[in-house]
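Right, one structure below, let's go through it.
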């Protein structure tokens with residue numbers, strides 16, 4: 001499959017460690033955010049979402065943190081596994097049911 | 001339950017040619033989206049349909065790009081007079097309705113290469 005991107009920022013972690021992926025968003029009026037995982041040759045896959053009335057939301061092994069003051073999102077992955085290797089995108093909803101994606105971070109998990 | 005499918009998976013064409021990219025959404029999904037993803041970038045919104053009509057086409061870059069969804073199911077993205085800068089992966093996604101952004105399911109994309 002095609003590589004999603006050759007010049008993305010890359011985070012390399014040891015298997016079993018925790019990963020933190022960061023994202024800055026642009027619109028202070030955005031009130032809904034999604035994290036996506038994209039593997040090579042595939043479309044983005046939903047991981048977790050958060051609304052602006054929350055600052056933290058947890059899923060299975062993943063946590064999203066939202067800091068509206070500095071317009072910053074982070075995705076934390078606990079006990080990172082080889083299957084977590086992918087490109088991760090944050091996306092914000094604009095005013096009319098559209099998603100605006102960030103530029104992505106490649107996560108590499110070392111065995 | 002099939003997911004969103006896109007054909008062809010790869011398309012190589014020459015500058016100036018016309019291309020059509022097809023998207024088969026999940027059955028019953030009324031909302032359908034097209035995105036373009038350039039190398040090293042996140043997906044960029046192009047257009048979305050609610051049923052047969054284009055609800056928002058503000059992301060189409062110019063009038064060489066056009067999309068249709070005549071029966072409210074399959075959609076075709078059409079690009080006229082292709083340019084090298086059109087080379088990208090074109091992603092399609094569908095959802096039950098446009099308010100369910102977290103339930104947008106993406107297809108694998110069509111990689112378009114314009115020589």
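The values are calculated or read from the model by the stated rules, or taken from the named source; none is laboratory data. Computed from a predicted model, the values in this text were never measured in an experiment. A quick note on method: Cβ atoms are made from the backbone with ideal geometry, for glycine too, and the neighbour counts reach across all protein chains shown.
A few comments on the model shown:
- Per-region count, the range A:101-111, residues at the interface with chain B (Cβ under 7 Å from one of its Cβ atoms) and not in a loop (DSSP other than H, G, I, E, B): 1
- Contact map, the range A:8-29: first residue on the phi > 0 side of the Ramachandran plot, second residue surrounded by 12 or more Cβ atoms within 10 Å (Cβ to Cβ), Cβ cut-off under 7 Å, separation 6 or more or different chains; pairs are A:16/A:80.
Yes/no matrix, rows are residues, columns are (1) closer than 26 Å to residue A:96 by Cβ; (2) at pLDDT 95 or above:
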| residue | (1), (2) |
| --- | --- |
| B:7 | no, yes |
| B:24 | yes, yes |
| B:34 | yes, yes |
| B:40 | no, no |
| B:44 | yes, yes |
| B:49 | yes, yes |
| B:56 | yes, no |
| B:65 | yes, yes |
| B:78 | yes, yes |
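- As for the range B:49-59, it holds no residue that is surrounded by 22 or more Cβ atoms within 10 Å (Cβ to Cβ) and in a loop (DSSP other than H, G, I, E, B).
- Within the range B:48-58, being in contact (Cβ under 8 Å) with a residue 24 or more places away in the chain and within 13 Å of the chain's Cα centre (by Cα) holds for B:48, B:49.
- Hits in the range B:21-46 (condition: without any contact (Cβ under 8 Å) to a residue 60 or more places away in the chain and exposed (fewer than 13 other Cβ atoms within 10 Å of the Cβ)): B:27
- Total residues in the range B:70-114, condition over 11 Å from the mean Cα position of the chain (by Cα), more than 8 Å from chain A (Cβ to nearest Cβ) and assigned to a loop (DSSP other than H, G, I, E, B): 12
- Checked against (1) within 10 Å of chain B (Cβ to nearest Cβ); (2) part of a loop (DSSP other than H, G, I, E, B); (3) closer than 30 Å to residue B:11 by Cα, residue A:96 passes all but condition (3).
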